[in-house]
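Report on one structure; see the data block that follows.
The values are calculated or read from the model by the stated rules, or taken from the named source; none is laboratory data. None of these values were measured; they are calculated from a predicted model. In this analysis, Cβ positions are derived from the backbone assuming ideal geometry, glycine residues included, and neighbour counts consider all displayed protein chains. To get the accessible areas, we keep the full protein, side chains included, count just its heavy atoms, and leave off ligands, DNA and RNA. Shrake-Rupley method; radii C 1.70, N 1.55, O 1.52, S 1.80 Å.
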Amino acid sequence: LVLQAVFNLLIPDHAADAFSPPRLGPRGRWDALVERLLGGLGRWDAEHFLFIAERGYLLEHNCAFLPLFPLGLRLLAGLLPWPVPLQPRSRLLLAAALLNALLSALAAAALLGLGRAVLRRPRQAFLAALLFSLSPAGVFMAAAYSESAFALLAFSAMWQLEKGHGCLSGLLFALASAARANGLVNAGFFLYSRGKRFALQLQVGSASLRKLPLLWKRVLSLASSAALMCAGIFLPFALFQYYAYVRFCGPGTGLGQSVPEPLLQLARDKGYRVAGMAGAKPPWCSQRFPLVYSYIQDTYWNVGFLRYFELRQIPNFLLALPVTLLGSWAAWTYVSTNPRHCLTLGLERSKSEERGKARDGFCGPAAFVYVVHSTALLVFGFFCMHVQVLTRFLGSSSPILYWFPAHLLQEYEPLLWSTGTDNPASGKPLLGKSPSSCGKGTSDNPIVRLLLNWRLITPLSKGILGFFLGYWLLGLILHCNFLPWT
């Protein structure tokens, strides 16, 4: 928060062709102070979230942003006591800073719990949670974006599913689908969990004819529960599409007459469609399945298969290159380590699992579905989306972006193997370690320890930490000044 304020003061804002609604109403000195200190949190898509929280879904293209996060902003801004008079935007900026500070910390805690359940290596899970705190998508976790809310809900839902709490997991997955559209993909975790449980039950049971009726009952029970849970996960997204249909496809309600003239002029200049205005219905209203979300992605932002593959987009592909390589490397490492497990989709119990000696860590069988999820998001994002959003897309959706670097650091960084206070290779004392009462050195924070001993760590560790910290810092510099970092 401090750095974005400093960079916002030192670097002039770029005149980006982005949504920028006019500031209405008188601005006092406190509003100017809030804008000066926190204005960097309201750039790019954050303008949409702040606008929705203040005025609702007034413009058609605002419907690409799902309602959970702006509703949370509006609720918090209305509940907090304000000792000084502030305009709505200023209150919402303060609410966004407070809310996302809390949500990102809780998301790190949820990732820690999920990592302990899946990896079964507490140190690796802790290292991954620390990496999340230095996420290359860090600026989006702090700005008025829905990334922190989605990460918390998605990681918490995955964690509850690992603990066997299916109903609570389904509720959290449903809330996640009300925050971001890619939350719909998370239904796959529930389907896979139920399918795997059923497949393993078949392997330990007999296939006699007497048990066929019982088998069919299990199949029907599984199918019905899976269908109900998936319907619940899809419900918030479907309800929002219906809300948009009623708002923009119904008869004119005269709502546009109550819209301030500067906003109407912006809509006329930019070609934005205003809710409640009489006139021709939007084209998506006549579709068999009227989905405003896909229409906006297609019409306003030209999102589609291979549409971003242009020479002028090479800089954006370069921005997405590190996360693309990291995600591809993670998938290759897992598949090459567990070829049979991947070929059987993790539905066959291995001999090591039967003996209770299954591999732990990133390459363990429990991580299979998360690797599939991460790889699917990576492929879809690379070929069908604006590729520069890949870093925040994966950073808020997939634990693999943090588990795999934590795995690499633990496997190949000698400074994380050492338990003594000295570096065995150089004989020099290590920084970032504190002696315990038993006389052994313990690392308070392995990331800080590696950074303080930068010259001693391996090139691989420098590359991983360089990517995380570099993008963390670069995002603050560019995003907070309307420079290309979306």
PRO282 fails exactly one of (1) more than 15 Å from ASN62 (Cα to Cα); (2) over 23 Å from the mean Cα position of the chain (by Cα), namely (1)
Within the stretch 447-456, can you find the residues that are farther than 18 Å from PHE404 by Cα and either out of contact with any strand residue (DSSP E or B) (no Cβ under 6 Å at 6 or more places or on another chain) or open to solvent by 60 Å² or more (accessible area, probe 1.4 Å) (or both)?
VAL448, LEU451, LEU452, ASN453, TRP454, ARG455, LEU456
Yes/no for PRO81 being without any contact (Cβ under 8 Å) to a residue 24 or more places away in the chain, in the same structural domain as SER148 (by the TED database) and more than 24 Å from ALA174 (Cα to Cα)
yes
Against the condition touching a Lys or Arg at 6+ places or on another chain (Cβ under 8 Å) and either outside any helix (DSSP H, G or I) or at pLDDT 95 or above (or both), how does PHE132 come out, does it pass?
no
Matching entry among ALA187, ALA154, ALA226, ALA199 (being at pLDDT 95 or above and open to solvent by less than 30 Å² (accessible area, probe 1.4 Å))
ALA154
Would it be correct to say that VAL118 is more than 30 Å from GLY271 (Cβ to Cβ), crowded, with 17+ Cβ neighbours inside 10 Å, of a type in the set (Val, Ile, Thr) and out of contact with any strand residue (DSSP E or B) (no Cβ under 9 Å at 6 or more places or on another chain)?
yes
Check whether at least one residue in the stretch 75-90 is open to solvent by 50 Å² or more (accessible area, probe 1.4 Å), basic (Lys, Arg) and in a helix (DSSP H, G or I), and report yes or no.
no
Residue check, PRO260 against (1) of a type outside the set (Val, Ile, Thr); (2) closer than 30 Å to GLY25 by Cα; (3) in contact with a helix residue (DSSP H, G or I) (Cβ under 7 Å, 6 or more places away or on another chain), all met but one. Which one?
(3)
Here is a check on your reading of the model: is ARG43 in contact with a helix residue (DSSP H, G or I) (Cβ under 6 Å, 6 or more places away or on another chain), open to solvent by 10 Å² or more (accessible area, probe 1.4 Å) and assigned by the TED database to the domain that holds SER133?
yes
Flag for LEU68 being among the aliphatic types (A, V, I, L, M) and either over 29 Å from PHE240 (Cβ atoms) or crowded, with 16+ Cβ neighbours inside 10 Å (or both):
yes
Those residues of the stretch 157-184 that are of a type in the set (D, E, K, R) and surrounded by fewer than 15 Cβ atoms within 10 Å (Cβ to Cβ) come to a total of 1
Provide a single number: the residues in the stretch 9-34 that are open to solvent by 40 Å² or more (accessible area, probe 1.4 Å) and within 13 Å of LEU94 (Cβ to Cβ).
2
